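The values are calculated or read from the model by the stated rules, or taken from the named source; none is laboratory data. As the structure is a prediction and not an experimental result, all values here were calculated from the model. Quick reminder, even Gly has a Cβ in these numbers, built from the backbone with ideal geometry, and neighbours come from all protein chains shown.
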């Protein structure tokens, strides 16, 4: 859907809603793919969403709810009555049902679970046992599994049973008598094998699986590394207990990236949040850090008022010293955080990376310090002043570049999210060190030149 | 592989390399999954990579080369002789082969293509016709397609032919007599259907496809929206010409995100780059922007030297005004850029978003301006000074928040990457407007108070 067509669709829906054209709207809604309905709803306000969602067939409503963003469905989940909600959630696969149920307040979740069919609610309860952000919480319990002694024909019979109950699937998993995962069968292999062959003879024994307690970010790395579309989940005894599909993993990757960006910029997760004071609140910690660090920078300037009073042009280069330090620190930090997130940088590379960045800092410092020193010397017709500005710029850049690399890696080493380090911490320290270097050198040179 | 085990593996490999234990290393290498070999190689230096890659069987070498990062394989591609390279590339699927070939210098690419089997090099040449970053360039030509009048048995025969030549696949596509895509068959459906049924009776007619000239970022959105594992690619006449799989799309998403982050921080794509002046060069445009904007900020301060000379404590709050403006602008901009990238913000929402952010700016401005004004008034025992600082802070924050939202959306409207706007442009303009507001208000108040 292009932006233009989306805009037109939204206009039409709004007109029909204002005319209360329920039958027309119902038909219209069902001509779209559920994913498109979800995206249309995400652009409407809460009352419109409620009105339209009411018109959907349970089967479609279930798909739409699954596809909606968390923030877009938050209001809807609050308003739907438990019967409708359990009808809609009951048609989802177990992983999607858990997704929705876990967003509900505790009591409401219980209410919805009681309304659902016993086996469906049992599955949801089972999945809810797993800690958030683990493979166990991400998985669906719906898998097609056969015994290793089964024949191809028996495997096909198992698929026949599963095909109506499950969404799409691409693998049959093979287990031993104790339920332990021993192999995997791509469907294409089943299609081309003789019907009396044993599954164990044609299966793939090198099956990549993930343990139930693996962190979801690591699960995503496994998908990326081995180019998977689905991965089986096993418990501590290696027994097959579920499977994770690539669409869920893409969502995880997206969330983790947004989280990283949010942390680096200190914004929290507020892309679609509408209430201004909530947004301001999410950004508050970062703002407070800036305020405090700004006051520290300010007191450094305050401490050097004597120097500044004796040579006022020093003030002209204050913003450039802090801006360059901040930017170069941010560059080094964002490269490092991204590299850590993608697994392209490992913490044992700390010193190699720091050295690399220090070299870059030297180069950029020489260039920027040189340019700026020259500008200062010519502008104020004072070579000594140029030297102060140049050397200070060089030092500030070198420190900023090195810190920008070292701090995120150190944070990762002690299990703190490096993205946090890249934001508040780097900017704060760079402003302060940059100013101290600049005004310190200036004071020393003034003493030396003037006495 | 944990970091600890990776570190130990690297140590072992290095020891065996220094002892020139070729046979041992060859056996060792082949016990790993090719993706793991690629990741091990990405941690070694160029000579080690060459040495180890030489030991790999062509089949494995092909997988390893495919899995390696662009930056890690750059050197390898320069050094491998054309025969070995064509042997290795010849075993890849067409999309991966194109990936490698397009990284080679023109002449070397020609050399390798001449060495390859004619049909393989023909395929690569065909794919190279498609512009970079389009669906056509991303796709593989290997698809299993059947006619709509074919029976299930005939479809299985087609799969039998494909299963040895292709990697894994999950769908059979259905075309009409003119080769136009008319449906899709999940393999599970084939497995449970009677062998004499017509394909057209059991196929799925609602098939999501993408046109060959669709931008790869849009292709990724299609995968995310419809939760796909593969998508067929069609030409202008709707004829089936290839398919894109989800692993390639995940790579695209990752690249685009890295690109966005790189642009916002002004670093370019240099996570694993080792040569310091190349890294410095990639960051240069951003640094130059900072320098220029710093000089503009400096000349604003220069223009107000009279005011500053009359009341020196004004200098104390210069870094906090620029830091807060910069941070709040970055917050607003990174939220906006991320929202645009995920399709959660549309350009027609410009004014609604701007208003939202202005409200946030007012709230944060009142809080920060108030706090800072109070600090200034008490610190310098001067309420008028507190008022100047407070009002200036408030104004700077309001402008920064609003600009941070408006600029990226405007950039997207005129088809410029919003990530570029979020970086250099925002910081530059915020420093300048912040200082102008601060010193302008101070000058006016000084005139008014002192005359």
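The set of residues from the stretch A:139-160 being assigned to a loop (DSSP other than H, G, I, E, B) and more than 32 Å from the chain's Cα centre (by Cα) comprises A:148, A:149, A:150. Being farther than 30 Å from residue A:278 by Cα and either in contact (Cβ under 8 Å) with a residue 24 or more places away in the chain or touching a strand residue (DSSP E or B) at 6+ places or on another chain (Cβ under 6 Å) (or both): is that true of residue B:296 here? Criteria met by residue B:296. When B:329, B:395, B:390, B:361 are screened for being touching a helix residue (DSSP H, G or I) at 6+ places or on another chain (Cβ under 7 Å), free of Cβ contacts under 8 Å to residues at least 24 places away in the same chain, part of a helix (DSSP H, G or I) and under 20 Å from residue B:433 (Cα atoms), only B:390 passes. Within the set B:27, B:71, B:36, the sole residue that is in contact (Cβ under 8 Å) with a residue 60 or more places away in the chain, assigned to a helix (DSSP H, G or I) and not assigned by TED's automatic domain parsing to the domain that holds residue B:247 turns out to be B:71. Considering each residue of the stretch B:305-325, count those that are more than 7 Å from chain A (Cβ to nearest Cβ) and either assigned to a helix (DSSP H, G or I) or crowded, with 24+ Cβ neighbours inside 10 Å (or both), and give that number. Going through the stretch B:305-325 one residue at a time, the tally reaches 7. Within the set A:375, A:416, A:399, A:391, the sole residue that is under 30 Å from residue B:331 (Cβ atoms) and surrounded by fewer than 22 Cβ atoms within 10 Å (Cβ to Cβ) turns out to be A:416. Would you confirm whether any residue within the stretch B:102-109 is assigned to a helix (DSSP H, G or I), touching a residue at least 12 places away in the same chain (Cβ under 8 Å) and surrounded by fewer than 17 Cβ atoms within 10 Å (Cβ to Cβ)? The answer is yes; a qualifying residue exists. Selection over the stretch A:261-283 of residues that are more than 8 Å from chain B (Cβ to nearest Cβ) and either farther than 19 Å from residue B:423 by Cα or at pLDDT 80 or above (or both) gives a count of 6.
Residues of the stretch A:196-227 that are touching a strand residue (DSSP E or B) at 6+ places or on another chain (Cβ under 9 Å) and within 11 Å of chain B (Cβ to nearest Cβ): A:204, A:206, A:208, A:218, A:222, A:223, A:227. Could we say that residue A:9 is over 29 Å from the mean Cα position of the chain (by Cα), assigned to a helix (DSSP H, G or I) and either surrounded by fewer than 17 Cβ atoms within 10 Å (Cβ to Cβ) or in contact (Cβ under 8 Å) with a residue 40 or more places away in the chain (or both) here? Taking the combined requirement at face value, the residue does not satisfy it. Screening the candidates B:384, B:400 for the property of being touching a residue at least 24 places away in the same chain (Cβ under 8 Å), within 14 Å of chain A (Cβ to nearest Cβ) and either in contact with a helix residue (DSSP H, G or I) (Cβ under 6 Å, 6 or more places away or on another chain) or under 14 Å from residue B:326 (Cβ atoms) (or both) yields one hit, B:400.
Within this structure, residue B:347 fails the test of being crowded, with 22+ Cβ neighbours inside 10 Å and either at pLDDT below 90 or farther than 21 Å from residue A:4 by Cα (or both). For the stretch A:234-248, filtering for residues that are part of a helix (DSSP H, G or I) and more than 8 Å from every other protein chain (Cβ to nearest Cβ) leaves 1. For the stretch B:167-214, the set of residues classified as more than 30 Å from residue A:154 (Cβ to Cβ), surrounded by fewer than 17 Cβ atoms within 10 Å (Cβ to Cβ) and out of contact with any helix residue (DSSP H, G or I) (no Cβ under 8 Å at 6 or more places or on another chain) consists of B:176, B:177, B:178, B:179, B:180, B:205, B:206, listed by residue number. Each residue in the stretch B:74-95 was checked for being assigned to a helix (DSSP H, G or I) and either touching a strand residue (DSSP E or B) at 6+ places or on another chain (Cβ under 8 Å) or in contact (Cβ under 8 Å) with a residue 60 or more places away in the chain (or both), and 2 pass. How about the stretch B:338-358: which of its residues are out of contact with any helix residue (DSSP H, G or I) (no Cβ under 7 Å at 6 or more places or on another chain), facing another protein chain (nearest Cβ under 8 Å) and not in a loop (DSSP other than H, G, I, E, B)? Selection gives B:339 alone.
No other residue among A:172, A:146 is closer than 28 Å to residue B:227 by Cα, within 11 Å of another protein chain (Cβ to nearest Cβ) and touching a strand residue (DSSP E or B) at 6+ places or on another chain (Cβ under 8 Å) apart from A:172.
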